[in-house]
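Novice: This structure is in structure tokens; I'll ask about it shortly.
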Amino acid sequence: MKTAESGVQGAAPGLHAWLMSERPDSRRQAALGRAYGAWRVFMRNRLAMLGLMIVVLLVFVALFADVIAPYSPTVGDLRTTRLLPPSANFWFGTDDQGRDILSRLIHGSRVTLFVVFLVAILAAPIGLLVGTAAGYAGGLLDAALMRITDIFLAFPRLILALAFVAALGPGIENAVIAIAITSWPPYARMARAETLTIRQTDYIAAVQLIGASPWRIVFRHIMPLCLSSVIVRVTLDMAGIILTAAGLGFLGLGAQPPMPEWGAMIAAGRQYVLDQWWVAAAPGCAIFLISLAFNLLGDGLRDALDPKGVK
């Protein structure tokens, strides 16, 4: 019997055959084969690769913002650099406080990634747990959890987030909590729908016959099968999360000055939009570009993680 090590040591064609084997010799080989097949499908989608490159670039810029940014994002000179148009010294111009807009955009990428990934970490597990528990248990628990989910879905996300931020107080941490609270219901609905199908399979019946507890079945056997759909939905929802965070920042309920948050930057530049258009246009373009990148990435992941599409 071939081992994983002997398969990996082969040349590239041999490695390809080992990964794509229809009869894997181990769970590790099977998992690596599925990941390799999904990556091949993903690479064939050029728009998805473009979205991935933009997201990777955003992460790189956020990690090395202190090195990349040419000026301070919070300090400017009102006397000499206020509202300067784009030039060789200030590529994206300056704002009403004399601060370099490019530097503020670069540092603002940290705020955007902080909000996006923290909301995903908080909201996705909650929705996955609620949906799988409701779908597997059924009965009163299912009805109770889904009615709570329906209540959250009945309100527009931004309006509900505004209500929570108003109760918690302005600030980036409270904005993250508010967005996370309003983001989990779609994941719960999706996980419940998949669980209702999965729990009827022979695979789950066999696990029940050997005496596995309901929680073990949910955590070890149902959740992993729902995870790929949740990942795709989270990636597609990143754009909505960014827009909601920007909306809270625009209204002054998100990141507080002088923190360089893109929505707050648009709010600061709205009174100059006709004459000094670059003040609001630069952060607006950044939000558009990153939102588009996450949508393209989500579309690619949806095709790659589809079992019928992995070949």
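Novice: Exactly one of (1) surrounded by 20 or more Cβ atoms within 10 Å (Cβ to Cβ); (2) on the phi > 0 side of the Ramachandran plot; (3) not hydrophobic (A, V, I, L, M, F, W, C) is unmet by T244. Its number?
Specialist: (2)
Novice: Would you pick out the residues in segment 216-270 that are of a type in the set (D, E, K, R) and more than 26 Å from Y187 (Cα to Cα)? Talk me through it step by step, then tell me what you get.
Specialist: Our first condition is that a residue be of a type in the set (D, E, K, R); within segment 216-270, this holds for 216, 220, 233, 237, 261, 270.
Listed by number, the residues that qualify are E261, R270.
Novice: Can you find a residue in segment 149-170 that is closer than 24 Å to G247 by Cα and among the basic types (K, R)? Please lay out each step first, then the result.
Specialist: Just the residues of segment 149-170 that are closer than 24 Å to G247 by Cα, to begin with: 149-170.
Subsequent filtering for residues that are among the basic types (K, R) retains 157.
Yes, segment 149-170 contains a residue that is closer than 24 Å to G247 by Cα and among the basic types (K, R).
Novice: Can you tell me which residue among I159, I217, I222 is free of Cβ contacts under 8 Å to residues at least 24 places away in the same chain and β-branched (V, I, T)? Step through it out loud before you land on a result.
Specialist: Working: I217 fails: free of Cβ contacts under 8 Å to residues at least 24 places away in the same chain; I222 fails: free of Cβ contacts under 8 Å to residues at least 24 places away in the same chain.
Among I159, I217, I222, only I159 is free of Cβ contacts under 8 Å to residues at least 24 places away in the same chain and β-branched (V, I, T).
Novice: Whether any residue in segment 125-132 is in contact with a Phe, Trp or Tyr (Cβ under 8 Å, 6 or more places away or on another chain), among the polar types (S, T, N, Q) and surrounded by 21 or more Cβ atoms within 10 Å (Cβ to Cβ) is what I want to check.
Specialist: Keep residues of segment 125-132 that are in contact with a Phe, Trp or Tyr (Cβ under 8 Å, 6 or more places away or on another chain), which gives 126-128, 130-131.
Adding the requirement that they be among the polar types (S, T, N, Q) leaves none.
Looking through segment 125-132, none of the residues is in contact with a Phe, Trp or Tyr (Cβ under 8 Å, 6 or more places away or on another chain), among the polar types (S, T, N, Q) and surrounded by 21 or more Cβ atoms within 10 Å (Cβ to Cβ).
Novice: I need every pair where a residue in segment 55-71 that is without any contact (Cβ under 8 Å) to a residue 40 or more places away in the chain has its Cβ under 7 Å from the Cβ of a residue that is small (G, A, S), sequence separation at least 6 or different chains.
Specialist: A69/S103; P70/S103; Y71/S103
Novice: In segment 92-126, how many are within 22 Å of V55 (Cβ to Cβ) and part of a loop (DSSP other than H, G, I, E, B)?
Specialist: Qualifying residue count for the region: 1.
Novice: Given the options G300, G249, G269, name the one that is assigned by TED's automatic domain parsing to the domain that holds Y71 and under 16 Å from the mean Cα position of the chain (by Cα). I'd like the intermediate steps shown before the answer.
Specialist: Numbers: G249 fails: under 16 Å from the mean Cα position of the chain (by Cα); G269 fails: under 16 Å from the mean Cα position of the chain (by Cα).
Just one listed residue meets the conditions, G300.
Novice: Can you tell me how many residues in segment 248-270 are without any contact (Cβ under 8 Å) to a residue 24 or more places away in the chain and part of a helix (DSSP H, G or I)?
Specialist: If we filter segment 248-270 for residues that are without any contact (Cβ under 8 Å) to a residue 24 or more places away in the chain, which is where we start, we get 250, 257, 264, 266-267, 270.
If we keep only those that are part of a helix (DSSP H, G or I) too, we end up with 250, 264, 266-267, 270.
So the count comes out to 5.
Novice: Of the residues L209, L168, only one is in contact with a helix residue (DSSP H, G or I) (Cβ under 8 Å, 6 or more places away or on another chain) and surrounded by fewer than 20 Cβ atoms within 10 Å (Cβ to Cβ); which?
Specialist: Working: L209 fails: in contact with a helix residue (DSSP H, G or I) (Cβ under 8 Å, 6 or more places away or on another chain).
Answer to the check: L168.
Novice: Does segment 203-213 contain any residue that is in a loop (DSSP other than H, G, I, E, B), of a type outside the set (A, V, I, L, M), at pLDDT 90 or above and more than 25 Å from M53 (Cα to Cα)? Walk me through how you get there before you give the answer.
Specialist: Taking segment 203-213 first, the residues in a loop (DSSP other than H, G, I, E, B) are 210-213.
If we keep only those that are of a type outside the set (A, V, I, L, M) too, we end up with 211, 213.
Now drop any that are not at pLDDT 90 or above, which leaves none.
Scanning segment 203-213 turns up no residue that is in a loop (DSSP other than H, G, I, E, B), of a type outside the set (A, V, I, L, M), at pLDDT 90 or above and more than 25 Å from M53 (Cα to Cα).
Novice: Quick one: which helices (runs of 4 or more DSSP H) lie wholly within segment 22-78 and hold at least 2 residues that are modelled with pLDDT under 90 and basic (K, R)?
Specialist: 27-43
Novice: Another question about this same structure. Determine, yes or no, whether L227 is assigned to a helix (DSSP H, G or I) and in contact with a Gly (Cβ under 8 Å, 6 or more places away or on another chain).
Specialist: Working: assigned to a helix (DSSP H, G or I): yes; in contact with a Gly (Cβ under 8 Å, 6 or more places away or on another chain): no.
Taking the combined requirement at face value, the residue does not satisfy it.
The values are calculated or read from the model by the stated rules, or taken from the named source; none is laboratory data. None of these values were measured; they are calculated from a predicted model. Note: ideal-geometry Cβ built from the backbone for every residue, glycine included; neighbour counts use all protein chains shown.
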